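The values are calculated or read from the model by the stated rules, or taken from the named source; none is laboratory data. A quick note: this is a predicted structure, and the numbers were derived from the prediction, not measured. All Cβ positions, glycine included, derive from the backbone under ideal geometry; neighbour counts span all protein chains shown.
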Amino acid sequence: MKTEKNIMIAFILNLCFSIFELIGGFITGSIAILSDALHDVGDAASIGVSFFLEKKSKKKPDRANTYGYGRYSVLGGAVTTLILLIGSVAVIIGAINRLISPVEIDYGAMTVFAVVGVSVNLLAAFFTREGDSVNQRAVNLHMLEDVLGWALVLVGAIVMKFTNFSILDPIISIGVAIFILISAIRNLSEVVGILLEKTPHGIDVSSIEEHLCEIEGVTSVHHIHVWSLDGQYNLATVHAVTDFEPSVIKAAIRNELHRHKIAHATIELESSSENCNDTVCCPELHIEKGHTHSHRHHAHSHRHHHSH
């Protein structure tokens, strides 16, 4: 609920301020303000979508979505970031056009709007600072970048007021847009990594393998896969070879995985007389005590013990 509330506050502040900006852009003639206004309109729309998706992500699992709705939050982060990318490109194009065809700017009014811009976006950044989801982090990134953008507009307005160096206005716009573009690409990379089910940041699969093999009774482990549902809730599957009591081994493996920030694990146990018949088991993910080697695959059936 806190995340949803924070995103809604950011949405209201952003929407109201984007309207204020549009008016300010036309009054001052500043492409930096006008382009940021269009950027913020897109921000407000994306934050509105983010709010809806964040709210949906909190729904409990059901038969249609057995893992729950956590990925809706990731989808919200993707939408927000894509809009940010498009907006940044549009700002760069507008600024280049203004470099080619400069216009007169009201630096006094520009300064006033910049002060308001810094204040409003700083407030929105404050409310979204404690991001506990990819979605909220994307929204907070928007707010922090807007604070930076308006701070530069403020400095630029003061400099231009005393130097009349009007070309600084579109130069500032291009600089901020490029910075936003780079940050957005980095954020999008994280979102794509989650959707592609890459190993989550901060989790070392090799370390997990070594620690699992140190458990008494575990001969070897293989077929270890780790991914994240939403950037916070991590899951894993693992095959372990053992001749010990299954319930004891499964409990020990699950406890070890929890220490590695794995919230949910599916564990399959095989006896030493069995061979894994899963043909997609990666050889390099087969670990025996003390060394790594290829795991041979056999097609004959065997009995599995599952823990979900």
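Okay, here's what the table says:
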| quantity | calculated |
| --- | --- |
| Selection status of Ala124, part of a helix (DSSP H, G or I), modelled with pLDDT under 85 and farther than 30 Å from Ser228 by Cα | no |
| Qualifying residue in segment 112-122 (condition: free of Cβ contacts under 8 Å to residues at least 60 places away in the same chain and not hydrophobic (A, V, I, L, M, F, W, C)) | yes |
| First in segment 66-88 and over 27 Å from Val176 (Cβ atoms), second anywhere and of a type in the set (Ser, Thr, Tyr) and surrounded by fewer than 20 Cβ atoms within 10 Å (Cβ to Cβ), Cβ under 9 Å, 6 or more apart | Tyr67/Tyr233; Gly68/Tyr233; Gly70/Tyr233 |
| Which listed residue is of a type in the set (A, V, I, L, M), over 18 Å from Thr80 (Cβ atoms) and under 27 Å from the mean Cα position of the chain (by Cα), from Ala151, Ala157 | Ala151 |
| Verdict on Val147 being on the phi < 0 side of the Ramachandran plot and either of a type in the set (S, T, N, Q) or in contact (Cβ under 8 Å) with a residue 60 or more places away in the chain (or both) | no |
| Residue under evaluation Ile185, criteria (1) touching a helix residue (DSSP H, G or I) at 6+ places or on another chain (Cβ under 8 Å); (2) free of Cβ contacts under 8 Å to residues at least 40 places away in the same chain; (3) within 30 Å of Lys58 (Cβ to Cβ), criterion not met | (2) |
| Where Thr219 falls short, out of the listed (1) over 29 Å from Ser73 (Cβ atoms); (2) touching a helix residue (DSSP H, G or I) at 6+ places or on another chain (Cβ under 8 Å); (3) touching a residue at least 60 places away in the same chain (Cβ under 8 Å); (4) surrounded by fewer than 18 Cβ atoms within 10 Å (Cβ to Cβ) | (2) |
| Of all residues making up segment 158-177, the number that are exposed (fewer than 13 other Cβ atoms within 10 Å of the Cβ) and either touching a residue at least 12 places away in the same chain (Cβ under 8 Å) or of a type in the set (D, E, K, R) (or both) | 1 |
| Filtered residues of segment 252-264 (kept if small (Gly, Ala, Ser) and modelled with pLDDT of 95 or more) | Ala252 |
